[in-house]
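Below is one structure, written out as C-alpha cells; the observations come after it.
The values are calculated or read from the model by the stated rules, or taken from the named source; none is laboratory data. Since we're looking at a predicted model, the values are computed, not measured. Using ideal geometry, Cβ is built from the backbone for each residue, glycine included, and neighbour counts are taken over all protein chains shown.
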Amino acid sequence: MTFLAATLAFAIIPNFATNKIYLFIAILVIFWIITVINYMGDRWSKTISSVGTIIGTVIPGIILILLAILWIRSDQPIAIPWNGARSLLPDSFNLTSLAMVSTVILMFAGMEMAGYHTREMKNPQRDYPRAMLISALIIFIITALGTLAIAFVVPAKDIALASGLMQAFQYFFSKLKMDWAVKPMAALVFIGGFALVSTWVIGPAKGMRGPSKDGLLPPTWSRINKYGVPTGVVTLQAIFGSFLALLFIIIPIVNDAYWILSALTTLILCIMYLMIFASAIRLRYTQPNHLRPFKIPGGKAGIFIVVGVGVLSSTFAFIVGFFPPSQLISMRTDLYVLGMVIGVIVLSIPPFIFYLTKKPSWLKAAANQSASEPNDTKTGEAP
C-alpha cells in the first residue's frame, strides 16, 4: 500500500512521495477503494489482477531493464561500483546486511493464493506446478534485474524504499529528455500494484472461511454476501490495515516506517509458511488417501525435500528479519529488535485467543449458515 501511495504521487505531485501525511491519507483511500471493489466478488479481483499484472508489472519491468541496458551501453556513470559478478555480493556478511535478504520472501508472497483455485483447474497436477515455476522465474528475473537497474542510476544515499522504482524511471527519462514519460509510467506501475493488493485482500479473507466453518472463529467471520465474499473479514482487514498505516504518522522517517512494515510482514509470513509446511507433512501422514486436486509427487521423499527447503528458507528469513539493516534504518538496534518482537507477539496472539475462547455455538451457527447458502455460493463463486 505504501508503494502504491508513493507511486501515485509520482503520477500527480512527485514531491508528495515522501510526505508522511499524504502517504497515510493515500493508503487509507486506496485500501478502502480496493476493499469495496472486493465486496463484489473475486471475479472482479481476478480480472483486475490478470490485466494489471501485465500492463503494470511485466511491461514496466521490461522497460526498466531495457533502459538500464541503454544506460550502460551509452557509457553513463553507474551509481554502484561495478566489478562484474562480485559486485552482486555485499562486502561483508553480518546480521545487518543479511537482514535485507529476509524481505526477498515478499517477492513471492501471495503465490500461495493460487492454491485456493486449484479445484477450478482442468489438470492441477500438471498445470499447478508448471504455473508456479513459470511465475517464480518471471518474478525473480524481473525483480533481480529491475533492482539492479535502480541501483545503477539512483545513488544509495538517495533511494527511498517506497518510491525507488519511480526514482529510477525519473533518472532514466530525465537523461533521455523524456520527463513527460514519468507520469504515465507511474500510472502503469500503480495499476500493477493495485491489481496485486486486490488479490491479497480477497485471497486470505476467503481462506479464513475454513476455520470459521469449523467453529474456530465467531460466526461473523464466516458470513458471506451474495457474491461469496466474507465481508466481515474483508472489512476487518481494512480497519486493521488502517491502524497499521498510523506508523507513518508515529515514526518520523518514512524509510524507517516502510522497512518496519515490510519486515513485520515478512516475519508474520514466515510463521504462516512454517505452519503450512508442518500441515503438509502432518496431512500426508494422517490423511494419505484423501482426494486432493494437487499432490506433491515423489512420495514421502518428495514432500520432505520440498518442505525441508521451505522450512530452512523460512526459518532463516525469520531469524535475520529481527535485525535492522544498518544501511537503511536509523533506529537503535535494541529498540528495533524490541519493536519487532512486540509486533510479532501482538499479531500472533489473536488465533490463540479465539482457540481458547471458542464456543460450541460457533460451530452450530456456522453449520446453519452453510446449510442456508445456495450451492454456487458455497464454492466461493458468485451465484
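Tell me, which residue of the range 114-144 that is of a type in the set (A, V, I, L, M) and under 19 Å from THR7 (Cβ atoms) is surrounded by the most Cβ atoms within 10 Å (Cβ to Cβ)?
Going through the range 114-144, the residues of a type in the set (A, V, I, L, M) turn out to be 114, 121, 131-134, 136-139, 141-142, 144.
Narrowing further to those that are under 19 Å from THR7 (Cβ atoms): 139, 142.
On the way: ILE139: 15, ILE142: 18.
My answer is ILE142.
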- Message: Where the second residue is part of a helix (DSSP H, G or I) and among the aromatic types (Phe, Trp, Tyr) and the first is touching a residue at least 24 places away in the same chain (Cβ under 8 Å) and farther than 15 Å from PRO351 by Cβ and lies in the range 271-283, which pairs have Cβ atoms under 8 Å and are six or more apart or on separate chains?
- Response: ILE281/PHE304
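Given PRO288, PRO293, PRO297, PRO325, which one is surrounded by 14 or more Cβ atoms within 10 Å (Cβ to Cβ) and farther than 24 Å from ILE342 by Cα? Don't jump to the end; show me each part of the working.
Values: PRO288 fails: surrounded by 14 or more Cβ atoms within 10 Å (Cβ to Cβ); PRO297 fails: surrounded by 14 or more Cβ atoms within 10 Å (Cβ to Cβ); PRO325 fails: farther than 24 Å from ILE342 by Cα.
Answer to the check: PRO293.
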- Identify the single condition in (1) in contact (Cβ under 8 Å) with a residue 60 or more places away in the chain; (2) more than 30 Å from ASP127 (Cβ to Cβ) that PRO351 does not satisfy, given that it satisfies every other one. (1)
- Note on the structure: Of the residues in the range 8-20, those that are over 16 Å from LEU261 (Cβ atoms) and either surrounded by fewer than 20 Cβ atoms within 10 Å (Cβ to Cβ) or β-branched (Val, Ile, Thr) (or both) number 7
- Task: Would you check which residues across the range 67-125 are farther than 30 Å from PHE294 by Cβ, touching a Pro at 6+ places or on another chain (Cβ under 7 Å) and either of a type in the set (Lys, Arg) or at pLDDT below 75 (or both) and list them?
- Result: SER87, THR96, SER97, ALA99, MET100
- Identify, from the list PRO297, PRO288, PRO293, PRO252, the residue that is over 19 Å from the mean Cα position of the chain (by Cα), within 30 Å of PHE16 (Cβ to Cβ) and not in a helix (DSSP H, G or I). PRO252
- Give the residue that is modelled with the lowest pLDDT, with candidates limited to residues of the range 162-180 that are crowded, with 16+ Cβ neighbours inside 10 Å and small (Gly, Ala, Ser). ALA162
